[in-house]
Each structure stands twice: as structure tokens, then as C-alpha cells.
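Each remark here refers to the structure printed beneath this line.
The values are calculated or read from the model by the stated rules, or taken from the named source; none is laboratory data. None of the values given here were measured: they were computed from a predicted structure. All Cβ positions, even for glycine, are placed from backbone atoms using ideal geometry, and neighbour counts span all protein chains on display. Heavy atoms of the whole protein, side chains included, go into the accessibility calculation; ligands, DNA and RNA do not. Shrake-Rupley method; radii C 1.70, N 1.55, O 1.52, S 1.80 Å.
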Amino acid sequence: MRLYVNGIGTLGPGLSGWTESRAVLAGEREYCNVTPIEPSASVLPPNERRRSSDIVRWAVQVAHEAMQQAGADADELATVFVSSGGDTGVLDRLCTGLATPQRVISPTLFHHSVHNAAAGYWSIATGSKQSSTALCCYDSSFCAGLLEAAVFASLEKKFVLLVAYDLPPPHPLHAALPLPAGFAAAFVLTASPAQQNIVQLDLDLSQDLTGEATNIGDAQLEALRSGNPAARSLPLLAAIARHHTELILLEYLEDQHLLITVTPCQS
């Protein structure tokens, strides 16, 4: 399958926004592992922003950045939201509430517990009535989301906004899912070549398990890539940042890899 990227958004330690991330991932600037500023998620109405959780604001922030960079309208964008574990902070608070004698559960927390909460907040913020999908595939969530977006864009001939996001769970869930740091990335994708395309992606599933997944040269970035499922997108982001043709390999399911040939579209 062939896709084109028209816009990108990123948020993570030392990777606040695509402009900063591109320079770091291209090797033009030294990576500095700095905790990102709390995302403003300014596209959310004030009341919704106050009610939203951390993971929703991270997802909405990168989605908005990618949409703005692409010069796209939310009414044009179907969405695919992917997270390996969803809002584990909300899950922890729900479980804690259920463990008390009163077993009182906040309606707002329950509202946030569904896996498509971030997608719902995005549609509220933008008024979009386009198709929306929320996926989870554990460590392979990013690849699953990219394939879903590719199929949808190819069959429906529509723009697709892919958003991947994962934040570290609180204690004691962190012991079972020890993510080192939060990360989120978004891509505006299309199956149609156009002047505004940034890069061309050719996707192919491989059963060959002899090759290893493409990693990141910097040790701190590699720890983020290997430790956060959403950050499995970092090799793709780095290839786009370097702006020359590359072949990258992403781990997918146990017996498959996703091969991506990255070809720049703009000089």
C-alpha cells in the first residue's frame, strides 16, 4: 500500500512539536531529555479542557498540530486513534474507588474510561462528523493503526488523521506496564499524491523474522522507542526528518514485520 504524509505532530521528552523533533531526529540538534510542558490542547473548548484527562490532552495536542501543518480541515479527516493501554490513570482511579467500602464512582471518570475517549473529545472540539476508529494492539498498536489508516485512505479515498499516544501508568499499574515516559504522535495521511505531500510511504507486511526492528542511534531515544508503544513510531519519524529515501522495519505481530520505504516528496 502507498500513503502520503501531509502533516505531523509530536509530543514527548525533548520532542515538543514537529519542528523541534525534526531537528533532533535529523541529527541537527543534540537530544536533551527534557519533560515536555503540559499540552494546552487549545482546540478543546474551556469546559471540555477542564474535564479532560492528561492522555486526552496529549492526543488532541498532536492531532491539532498535524492538522494545522497539513493545512487540513477537521471535516475532511477521518480519524484512527491508537493506544496500547488507554487511560491507565483513569483505570487506576476507578479501581481504587471500587476497592473502597462506599464504591462510589465519578460519572466523569466513567465517561473517560472508554477506549475512544480521546477520539470523542477530538470530535467535540472540532465538530467533525467523519468516521472514527479507536484501536489497541498492545506493543504493536502503532503498526495496527498505520495499517488501518492505510486501508481506509486507499479504499475510501479520504484523508485520515492517525494519532498514537501512551502515558506511563501510575503505581501499582506501572509495575505491570513500566513505560519510561509519555509519547504521542500524529500524522495526516492520504492515498493521493499532491503538491502538499511531505513524504511517500510504501508499506509491506513481511513474514521474514531474520531482520531486527529499526532502532534509534541515541541511547535515550532508543529507550523511549523500545519502552513506549506509541514511540515505536520514532524510526518512521526519524526517516522523515532525515529527508532521504530509507527502508525501515517495525515490529508488528509475533510472526510479522511492517516494512516501510520512506521517500521524500519535497526538495
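Structure summary
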item: Lone unmet requirement of (1) of a type in the set (Phe, Trp, Tyr); (2) buried (at least 17 other Cβ atoms within 10 Å of the Cβ); (3) modelled with pLDDT under 90 for residue 110; result: (2)
item: Failed condition for residue 182, given (1) open to solvent by 20 Å² or more (accessible area, probe 1.4 Å); (2) touching a helix residue (DSSP H, G or I) at 6+ places or on another chain (Cβ under 7 Å); result: (1)
item: Test: residue in the stretch 199-222 that is under 18 Å from residue 84 (Cβ atoms) and modelled with pLDDT under 95; result: yes
item: Residue, farthest from the chain's Cα centre (by Cα), within the stretch 142-160, restricted to residues that are surrounded by 17 or more Cβ atoms within 10 Å (Cβ to Cβ) and over 16 Å from residue 205 (Cβ atoms); result: 158
item: Residues of the stretch 234-251 classified as closer than 13 Å to residue 142 by Cβ and open to solvent by less than 20 Å² (accessible area, probe 1.4 Å), total; result: 6
item: Scope the stretch 213-227; condition under 21 Å from residue 30 (Cα atoms), outside any helix (DSSP H, G or I) and either open to solvent by less than 70 Å² (accessible area, probe 1.4 Å) or among the hydrophobic types (A, V, I, L, M, F, W, C) (or both); matching residues; result: 214, 216, 218
item: The stretch 2-52, residues that are of a type in the set (A, V, I, L, M) and at positive phi; result: 41
item: Residue ID - most open to solvent (accessible area, probe 1.4 Å), chosen from residues in the stretch 120-136 that are touching a residue at least 60 places away in the same chain (Cβ under 8 Å) and within 30 Å of residue 98 (Cα to Cα); result: 124
item: Residues satisfying the stated conditions in the stretch 83-140, i.e. at positive phi and of a type in the set (Ser, Thr, Tyr); result: 138
item: Pick from the stretch 1-22, criterion without any contact (Cβ under 8 Å) to a residue 24 or more places away in the chain and part of a helix (DSSP H, G or I), ranking: nearest to residue 67 (Cα to Cα); result: 19
item: In the stretch 185-197, residue surrounded by the most Cβ atoms within 10 Å (Cβ to Cβ) [restricted to those that are more than 30 Å from residue 88 (Cα to Cα) and modelled with pLDDT of 95 or more]; result: 190
item: Residue under evaluation residue 176, criteria (1) of a type in the set (Gly, Ala, Ser); (2) open to solvent by 40 Å² or more (accessible area, probe 1.4 Å); (3) at pLDDT 95 or above; (4) over 21 Å from residue 10 (Cα atoms), criterion not met; result: (3)
item: In the stretch 228-257, residue farthest from the chain's Cα centre (by Cα) [restricted to those that are assigned to a loop (DSSP other than H, G, I, E, B) and among the acidic types (Asp, Glu)]; result: 255
item: Residue 231 at pLDDT 95 or above, in contact with a strand residue (DSSP E or B) (Cβ under 6 Å, 6 or more places away or on another chain) and either open to solvent by 60 Å² or more (accessible area, probe 1.4 Å) or of a type in the set (A, V, I, L, M, F, W, C) (or both); result: yes
item: Subset of the stretch 72-107 [charged (D, E, K, R), free of Cβ contacts under 8 Å to residues at least 24 places away in the same chain and either open to solvent by less than 40 Å² (accessible area, probe 1.4 Å) or part of a loop (DSSP other than H, G, I, E, B) (or both)]; result: 73, 103
